[in-house]
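Take a look at the structure set out below.
Derivation of every value follows stated rules applied to the coordinates shown; laboratory data play no part. Remember, predicted model here, so these are calculated numbers, not experimental data. Reconstructed Cβ throughout: ideal geometry from the backbone, glycine too, with neighbour counts over all protein chains shown.
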Amino acid sequence: MPDEPQDLKQSQGGAGEIPPATRRISLPDKEVYLLGTAHVSPQSVRDVAALIQTVRPDSVAVELCASRYQSMTNPESWRKMDVFRVIRENKALFLLIQLLMTSFYRRIARKLGATPGAEMLEGISQAESTGAHTVLADRDITITLKRVWRHLSLWQKLKFILQAVTGAAFSGELEAEDIEKLKEKDQLQVIMDEMGQSFPEIKKRLIQERDIYLAQMIRDAPGNSVVAVVGAGHAPGIETHLHTEQDLTPLMEIPPPSIIPKILKWAVPAIILVLIGLGFLSGGAAESIHSITIWVLMNGIFSALGTLLALAHPLTIVAAFVAAPFTSLNPTIAAGWVAGLVQAWFNRPKVQDLEDLPQALGSLKKFWGNPAIKVLLVVVLANLGSSVGTFVAGSWIAAKLL
């Protein structure tokens, strides 16, 4: 069983305070001081400083990977984002989800006058000032998100996107004491359980796998004493896995893409063309023209509605309407790509827009109005609208034949 909290202040002989959320865990070769934090909490920042100053550990492990640390410490890194390349490589949705989640955290942090992840940066700063080793203990965010995405069904992906958008639109009042309550194990466990019911794969990849990864990285940290600064949601899982050596190789593997979407990309257009052909055989040219009209209007209207929801340029909406009926029959191109490129052409993101991304993530109005983010929204929502249009039109045409 994990060790119970001890009188850490006396055992270390330090002058600082030991935060109540700290757990002391004895391993054969080191002592681990596990501090569960809230990622947008000013109090957590103070807790980190107090714990490290008191313990004076050999290593400080933080729940960050190298890429997340780089993005937090180098805001100008957004300048390097190539929007056109993101569209061409079909990464618009992947990037947009990251931005939506970041936006949610930043807006909570703004209400509290805090910086998201400030307690992690404080841990690194304290490690440097005390001469401790710094350990970036988290798995690379790209690997984590790809493992999450590849293990979700199509329906789960749609639910996840919907909840991510809902989270980004969070506008209720949230007080500092509400954030601090997240450090209470029982309440946080309820949140994890609810996520597990709706998205068991997300809980497994995003939380449980990282618990194992973080625990092993903490075990491997240099020295005889380690302060580990982690989100409160990870603390119970890390505490469980700390006593066991873990093989991290399976957790770093990215599953290959599912073959089903590739099959559907070619099968759906083929089925639609067959249905139109059957309509011609059963009802003549008039029936085929009717089916084609349904196909064009449903694809065009729903894709145009998606771009309208993104508040796109009027000609972008027209481009989505015109492109969707054709791109839905061509697996090598998507309506969102066409609409995104048109939007970027008429309202090309400037360097200043990319520099403003960190600020845009803190405001729903700025998020929706930033030209770089708007291109991503256009791509995703135009594609989503085209997919809905394909389903509606295909079902309508099939129903007519039956």
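Here are the numbers:
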quantity	calculated
Relative exposure of ASP29, ASP47, ASP58, ASP220, judged by other C-beta atoms within 10 Å (fewest first)	ASP29, ASP220, ASP58, ASP47
Residue-wise HN-Hα coupling along region 55-71, computed from phi with Karplus coefficients 6.51, -1.76, 1.60 (Hz; x: Gly, Pro)	6, 6, x, 6, 9, 10, 9, 10, 7, 9, 9, 4, 5, 5, 4, 5, 5
Cβ charges +1 (Lys, Arg) and -1 (Asp, Glu), total dipole of region 259-401, debye	120
